[in-house]
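**Student:** Just passing along the structure, written as structure tokens.
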Amino acid sequence: MNPAPIAVALDAPDLETAARWATLVTPHVSTVKVGLELYLRYGPDVVASVRGASGVQVFLDLKLHDIPATVAGAARAVARLKPAYLTVHATGGSAMIRAAAEAAPNTKIAAVTVLTSLADGDLTSVGLAGPAPDAVRRLSSLAVEAGAQALVCSPMEAAAVRAEVGPDVTLITPGVRPTGAATQDQARVATPEEALSSGADLLVIGRPITAAPDPGAAAAGIAASLRRTRGIA
Ligand code: C5P
């Protein structure tokens with residue numbers, strides 16, 4: 001049985017917890033996501049700790065944003081960890097995205113378009129022409145032309161982004177909540193089934209799995225419901 005197209009966000013307070021969550025969920029999901037907090041606290045070794053012996057894909061969510069030469073150096077530095085995905089900010093521009101893609105040829109560079117924490121007023125204040133959906137579409141096509149093979153967007157934007165960039169780009173969507181799950185600090189959420197049907201390829205899901213009493217069972221449950229959606233149960 002193929003693991004489900006889910007990246008479990010390992011937003012853990014310590015390495016032991018992150019590694020335990022990874023062990024519990026890897027039989028059921030394709031990917032685990034390591035964010036800035038864990039990476040900055042424990043360094044590159046965190047990748048081997050969460051990958052374990054399972055060979056699960058690692059999504060390194062470092063959201064790089066700097067001049068092209070510096071981002072190239074950073075991407076080269078983490079390429080040896082063999083992450084399946086590495087995030088960069090699309091607002092770093094074409095040359096920066098291209099530099100990352102060339103420096104880590106075996107990793108999919110995933111461009112973050114507009115942070116979902118930014119409202120239209122925030123876009124104006126940082127000088128980014130909105131409204132947000134227009135900025136997302138513009139930055140998506142810029143990123144893909146520059147060599148990004150994946151984009152991070154909200155499930156609400158996935159259909160429009162898909163129409164903009166075509167079928168070959170991997171769309172990664174956070175803000176996913178199974179029916180009945182607490183939304184926590186996510187304002188606009190979609191169920192896993194809705195996210196897939198709007199064109200997402202990989203669903204980032206954190207607390208609905210990691211805060212469950214049994215993260216393995218929670219991951220297995222969401223994976224089974226996705227298989228039913230796709231009619232391959
Ligand atoms: O626990 P939850 O499912 O909300 O975790 C979602 C993960 O996706 C977190 O690691 C969060 O930082 C990340 N993320 C997000 N919204 C974005 C980009 C990343 O929630 N726009």
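The values are calculated or read from the model by the stated rules, or taken from the named source; none is laboratory data. Because the structure is predicted, anything quoted here is derived from the model rather than measured. No Cβ is skipped: glycine too gets one built from the backbone with ideal geometry, and neighbour counts run over all protein chains shown. The protein model used for the area step is the full one, side chains on, heavy atoms only, and it has no ligands, DNA or RNA in it. Shrake-Rupley method; radii C 1.70, N 1.55, O 1.52, S 1.80 Å.
**Student:** Name every residue in the stretch 192-219 that is open to solvent by 30 Å² or more (accessible area, probe 1.4 Å) and at pLDDT 95 or above, in order of residue number.
**Tutor:** Those that are open to solvent by 30 Å² or more (accessible area, probe 1.4 Å) and at pLDDT 95 or above: ASP201, ARG207, ALA211, PRO213, ASP214, ALA217.
**Student:** Here is a follow-up. For the stretch 1-46, give me each residue that is of a type in the set (Val, Ile, Thr) and either more than 16 Å from the ligand (Cβ to nearest atom) or without any contact (Cβ under 8 Å) to a residue 12 or more places away in the chain (or both). Even if it seems obvious, please write down each step before you answer.
**Tutor:** Within the stretch 1-46, the first condition is being of a type in the set (Val, Ile, Thr), and the residues that meet it are 6, 8, 17, 23, 25-26, 29, 31-32, 34, 46.
Listed by number, the residues that qualify are THR17, THR23, THR26.
**Student:** Does ILE172 meet the test of being crowded, with 16+ Cβ neighbours inside 10 Å, touching a Cys at 6+ places or on another chain (Cβ under 8 Å) and under 23 Å from ASP61 (Cα atoms)?
**Tutor:** Details: crowded, with 16+ Cβ neighbours inside 10 Å: yes; touching a Cys at 6+ places or on another chain (Cβ under 8 Å): yes; under 23 Å from ASP61 (Cα atoms): yes.
Here the answer is yes, as ILE172 does meet what is asked.
**Student:** Right, next: When you go through (1) closer than 30 Å to PRO44 by Cβ; (2) open to solvent by less than 60 Å² (accessible area, probe 1.4 Å) one by one for THR116, which number turns out not to apply?
**Tutor:** If we test THR116 against (1) closer than 30 Å to PRO44 by Cβ; (2) open to solvent by less than 60 Å² (accessible area, probe 1.4 Å), just (2) comes out false.
**Student:** Filter the stretch 18-41 down to residues that are farther than 21 Å from GLY221 by Cα and surrounded by fewer than 16 Cβ atoms within 10 Å (Cβ to Cβ), then give me how many there are.
**Tutor:** Result for the stretch 18-41: 4.
**Student:** Would you confirm, using the coordinates I've provided, whether THR107 is free of Cβ contacts under 8 Å to residues at least 60 places away in the same chain, under 15 Å from the mean Cα position of the chain (by Cα) and under 28 Å from ALA220 (Cα atoms)? Working first, answer last.
**Tutor:** Details: free of Cβ contacts under 8 Å to residues at least 60 places away in the same chain: yes; under 15 Å from the mean Cα position of the chain (by Cα): yes; under 28 Å from ALA220 (Cα atoms): yes.
Yes, satisfied.
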